[in-house]
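To keep things clear, I will list the structure first and then write my remarks on it.
The values are calculated or read from the model by the stated rules, or taken from the named source; none is laboratory data. Everything numeric here is computed off the predicted structure, so don't read it as measured data. Positions of Cβ are backbone-derived with ideal geometry, glycine not excepted, and every protein chain shown enters the neighbour counts. For the accessible areas, the whole protein counts, side chains as well, though only heavy atoms, and no ligand, DNA or RNA atoms are used. Shrake-Rupley method; radii C 1.70, N 1.55, O 1.52, S 1.80 Å.
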Amino acid sequence: MIFCRLSLQDNIRASVACKGWHTGAVSVRVVNQPPWLMYFPKFGNLYEFYDPSQRKTYSLELSELCGSRVCYTKDRWLLLYRPRTHRVFFFNPFTREVVKLPRFELTFQIVAFSGPPTTSGCVVFTVKHISPTVVAISTCHPGATEWVTVNYQNRLPFVSSIWNKIVFCDGVFYCLSLTGWLGVFNPTERTWNVLAVPPPKCPENFFAKNWWKGKFMTEHDGDILVIYTCCSQNPIIFRLDQSNMVWEEMSTLNGLTLFASFLSSHSRIDLPGIMRNSVYFSKVRFFGKRCISYSLDDHRYYPRKQCYDWGEQDPFGNIWIDPPDDLSSIL
């Protein structure tokens, strides 16, 4: 019972104490699985899933997704949108479960949800720019008959566009605007606030052509993390210091691994050693043999000279998704 409560690092340390401790520690040792990169084909219904740890690709026929675009993913569930019919729905590609939502026109398709649609607390959130000082926030939940839209005033300018990033953390939605300001929506209290935190500071050469497409945001254990990239420079990672309300640059991830993609990004702890303290991007090179990553330990990209211009990437072409517990569902 004690070993079950230890982190992987402490589990390994405890296992070297003696043979008895080694047996107990190994019996409950868990190494997490990284998310898979799911590809949305331009034609047909064959969807590929790339496992970055094994460097393997799996395929699934998913006719249920015909005519839809991916919006967000969390806990193995996809949130999808059919532009022609304005249909919004959840889909689990490994169990084929579908959960429908009321029809709604997603102007920018920048939308997120708080948790699995099979749980009672699931909330779907999207924000739309009305003016520099007004945003329209729409919410919905499984079982609802319509979306609820409310206009909110901003104390600070907040431009909502297709380039926004959204994460759900500690009961609220964080939305990173085009210009780097952070809006917070509390779905329980239905309050909206733009934090008085100046945007992360980057070198001037980061703000080149298509600079806004190279931003990513995720969360881990209550921390909000933002990744800024530039095709000619190493990525910069910022953490929101919520006590001092400033963005601080991170020189290490302390063993954490980040998985960045345009629509949603993820974080993992206790991955295999070679993957730790790195950022994995949603681009695979060398005929599917290697995912582009950046190591904070080595201060370099892998493979070498593989820094990428995200302005050339199809924003709806792929997304990181949690893998199934049982591989038999796709074999």
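Numbers for the structure displayed
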{"item": "Residue order for Asp298, Asp170 - accessible surface, 1.4 angstrom probe, largest first", "result": "Asp170, Asp298"}
{"item": "Theoretical gain in end-to-end length, Arg103 to Asn32 [0.36 nm per residue, Cα-Cα removed]", "result": "21.9 nm"}
{"item": "Theoretical FRET efficiency, 1/(1+(r/R0)^6), r = Cβ-Cβ of Ser161 and Asp221, R0 51 Å, to 0.05", "result": "0.95"}
{"item": "Formal net charge of residues neighbouring Trp181 (Cβ-Cβ distance under 13 Å; K, R +1; D, E -1)", "result": "+3"}
{"item": "26 Å Cα-Cα threshold exceeded, pairs from Lys56/Lys165; Lys165/Lys289; Lys74/Lys213", "result": "Lys56/Lys165; Lys165/Lys289"}
{"item": "Residue-span extension gain [Asp326 to Asn186] - 0.36 nm each, minus C-alpha spacing", "result": "46.9 nm"}
{"item": "Neighbour cut-off at most 10 other Cβ (10 Å), DSSP loop, trypsin sites (Lys or Arg not before Pro), segment 160-209", "result": "Lys209"}
{"item": "Gain upon complete extension [Leu60, Val148; 0.36 nm per residue less C-alpha separation]", "result": "28.2 nm"}
{"item": "Solvent accessible area, Å² - Val98, 1.4 Å probe, full protein context", "result": "70"}
{"item": "For q = 0.18, 0.23, 0.32 Å⁻¹, Debye-computed log10 I/I(0) when each Cα of segment 122-173 counts as one equal scatterer", "result": "-0.65, -0.98, -1.23"}
{"item": "Three principal axis lengths of the chain [C-alpha, angstrom, descending]", "result": "64, 45, 43"}
{"item": "Surrounding net charge for Phe316, when Lys and Arg each add one and Asp and Glu each subtract one, Cβ distance under 12 Å", "result": "+1"}
{"item": "222 nm mean residue ellipticity, helices alone, for the chain (DSSP H n ≥ 4; -39,500 (n - 2.57); rounded to 500)", "result": "-1500 deg cm²/dmol"}
{"item": "Solvent-accessible surface (1.4 angstrom probe) belonging to His266, in square angstrom, nearest 10", "result": "20"}
{"item": "Heavy atoms of Met250 accessible to a 1.4 Å probe, total area in Å² rounded to 10", "result": "40"}
{"item": "Backbone HN-Hα couplings from phi across segment 143-155 [Karplus 6.51/-1.76/1.60, Hz, Gly and Pro as x]", "result": "x, 6, 9, 7, 7, 10, 10, 9, 8, 10, 7, 9, 6"}
